[in-house]
Amino acid sequence: MLGYIIKRLSLAVLIIVFAITLLFVMIHSIPGDPVSTMLGPRATPELKASLEERMGLNEPLPVQIAYFFTNAITGNLGTDVFTNRPVTSIIGEQLSYTLMLIFASISWSALLGIFLGCYSAIKRNTISDKILAVLSVSFIATPSFVVSLYSLLFFSVYLGWLPAIGAGDSDDLWDQLIHLVLPAFSIGLSWVGYIARLVRASMLEIMSENHIRTARAFGLPRRWVIYRYALRLAILPTITVIGVGMGFLLSAAVFAEIVFSRPGLGKLVIDSITTRNYPVVMGSVLLSTIIFVVSTTLSDIINAMLDPRIGRQL
Amino acid sequence: MIMKQNNELQLIIKHFFRNILGVAGFLIVMLMVLSAIFADFIVPYDPIALNIKERLQGPSFSHLLGTDQLGRDIFSRMVMGSRVALQVALPTVFGAVSIGFVLGMIAGFGPKWLDNAIILLLDTLRSFPTVMFALAVVALVGPSLETVIFIIIVTSIPTYGRVVRTQTLSIKSSEFILAEKSMGSSTARILLVHILPNIFGPIAVLSAMEIPTIIGLEAGLSFLGMGVRPPTPSWGSLLNEGYTLIRNTPWLLIAGGVPLIITTLGFTFLGETLRDAVDPKLRKRN
């Protein structure tokens, strides 16, 4: 087991290093240079040269990458072009909003999804199972930002039930929760469908396994067997899916933050693109990549711990 | 052999058309493709012609979905938007599938070190959260249709590459390939004549199921103002305008969102039914 964990972790580090290198190489092979993009077309050559030097862009590419790594390890992702504040602290402020949103979205959708999946499996092939199946697919297929826009239109603009913009007063917990409802609903909706389908499939598989049949044969009540034994196993794949789905959640959060004008990583990136604040954009992209890789790695390790067969594959 | 293939195809078609959702998906996709092809004949107005006098009107007989803030006919812009969606989806799928095929087959058939290197590359590409990656690229090169296509190709290569690799690996060790090898077939012949046709089915299904994601992503990027440039009508840009005018008119949001939802649903139903119909194991279950 320890061997697997070490292997998986070193693979994760390798992927992150490779991803950063790839991003750097890509940036340099694309036409146009960051300095001109940042300063605009009317910048003087002197100004360009000084900014290039400040950002270390006049060094050869391998040196730049090496610089970046040594800095990144010490938590230094460069400084904001305008305010001269460290990028890490700017991102840190926004990250908590995004993580809170993602956590809220995945919590409600996992609860509802597990319940619906379980229900479908028990009521297999009935009308309600079939309706739920179609609903699940529809939830999965609908882009989350369209859900955001329509829930904003319906619940905020027309009905006026819920606030339309912002993250709420930072001292008022209730206000913050109210502001979280629509964005978390929009991001989580497709996950309800996804998790419901997953739980239904694994529940059906588990219900036909020997230990469940034995438990039933011993005369244990059906409900007891389902909730006590089958469901516990059936929600395992959900853990993996949430880990792997972190990338999708981060992407969906970008849209929700824009639509509901919430502070967060996504809004920070979009604002930084419009103001051409290049170090902030790169820092945020790198951080979200790292979050994604870490969460997939963690879910792989948790999975291997729960099911020892996986550990032997790598 | 030919008889058997015909039977297989008939079986797939029979199973496909027995499923109501599959048929619905097929019809929706056909409708969308036809309206994209014949958009020029369907639209009642020039989708980019300005008419400030008639700005922000509600639906009427002359303007089915009303007009936007510049007096452009929303219905015409919606119909034209289907064209942009397909313009992005088709080259993207083609590009990603081609590159995925090459990388996956090399990984599956080549030496172990090359396999490891390609897997590392695919895992790395997969580790960028798509939208964040897209924003980074757009920040550098500026928004355009080509940028969107490039971004989606790069981020969908791993999906295809991994499936092709797994399939190649499993076919490679089968007995008929061993027989071919012992008769002196070249690697190219084995790859092109035997392995390629066998992988095609799963990849076609996967592509049908990836198209909704691609169309959604294109619309999303255009919504953020990072995709198609104005005045080109796209569903994403309709949603963007609808968002800024959300307190004035709902029609822009409806014209951008409803076709988007219906199309993604159509492709998803089509893909899912196709998957069940093509796979003999799933066919039996239903």
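The values are calculated or read from the model by the stated rules, or taken from the named source; none is laboratory data. Since this is a predicted model, take the numbers as computed values, not measurements. All Cβ positions, glycine included, derive from the backbone under ideal geometry; neighbour counts span all protein chains shown.
Assorted remarks:
- Odd one out for residue B:226, checked against (1) in contact with an Asp or Glu (Cβ under 9 Å, 6 or more places away or on another chain); (2) at the interface with another protein chain (Cβ under 10 Å from one of its Cβ atoms): (1)
- When residues in region A:88-146 are screened for being within 19 Å of the chain's Cα centre (by Cα), crowded, with 19+ Cβ neighbours inside 10 Å and within 14 Å of chain B (Cβ to nearest Cβ), 12 of them pass.
- Only helices (runs of 4 or more DSSP H) whose full extent lies in region B:161-244 are considered here, and the ones with at least 1 residues that are buried (at least 23 other Cβ atoms within 10 Å of the Cβ) are B:196-223, B:235-244.
- Selection status of residue A:89, at pLDDT 75 or above and over 21 Å from residue A:249 (Cβ atoms): yes
- The set of residues in region B:242-282 being farther than 20 Å from residue B:207 by Cβ and among the hydroxyl-bearing types (Ser, Thr, Tyr) consists of B:243, B:244, B:249.
- Failed item, numbered, when residue B:105 is tested on (1) of a type in the set (A, V, I, L, M); (2) under 30 Å from residue A:16 (Cβ atoms); (3) within 21 Å of the chain's Cα centre (by Cα); (4) modelled with pLDDT of 85 or more: (3)
- Region A:267-290 - residue that is more than 8 Å from chain B (Cβ to nearest Cβ), of a type outside the set (Gly, Ala, Ser) and in contact with a helix residue (DSSP H, G or I) (Cβ under 7 Å, 6 or more places away or on another chain) and, of those, surrounded by the most Cβ atoms within 10 Å (Cβ to Cβ): A:280
- Against the test of being charged (D, E, K, R), more than 15 Å from the chain's Cα centre (by Cα) and surrounded by 24 or more Cβ atoms within 10 Å (Cβ to Cβ), the options A:262, A:223 yield a single qualifying residue, A:262.
- Single residue of B:216, B:201 found to be modelled with pLDDT of 80 or more and either in contact with a Lys or Arg (Cβ under 9 Å, 6 or more places away or on another chain) or among the small types (Gly, Ala, Ser) (or both): B:216
- Taken over region A:255-295, the residue count meeting the criterion of being outside any helix (DSSP H, G or I) and of a type in the set (A, V, I, L, M, F, W, C) is 1.
- Pair list, Cβ < 7 Å and 6+ apart or interchain, from region A:104-123 residues that are touching a residue at least 12 places away in the same chain (Cβ under 8 Å) to residues that are outside any helix (DSSP H, G or I): A:114/A:235
- Conditions (1) under 30 Å from residue A:267 (Cβ atoms); (2) crowded, with 24+ Cβ neighbours inside 10 Å: number failed by residue B:124: (2)
- So residue A:217, is it among the aliphatic types (A, V, I, L, M), surrounded by fewer than 22 Cβ atoms within 10 Å (Cβ to Cβ) and modelled with pLDDT of 80 or more: yes
- The set of residues in region B:125-157 that are more than 7 Å from every other protein chain (Cβ to nearest Cβ), of a type in the set (S, T, N, Q) and in a loop (DSSP other than H, G, I, E, B) contains only B:144.
- Residue that is within 14 Å of chain B (Cβ to nearest Cβ), over 30 Å from residue A:169 (Cα atoms) and of a type in the set (Gly, Ala, Ser), where the choices are A:243, A:264: A:243
- Flag for residue B:253 being within 12 Å of chain A (Cβ to nearest Cβ) and free of Cβ contacts under 8 Å to residues at least 60 places away in the same chain: yes
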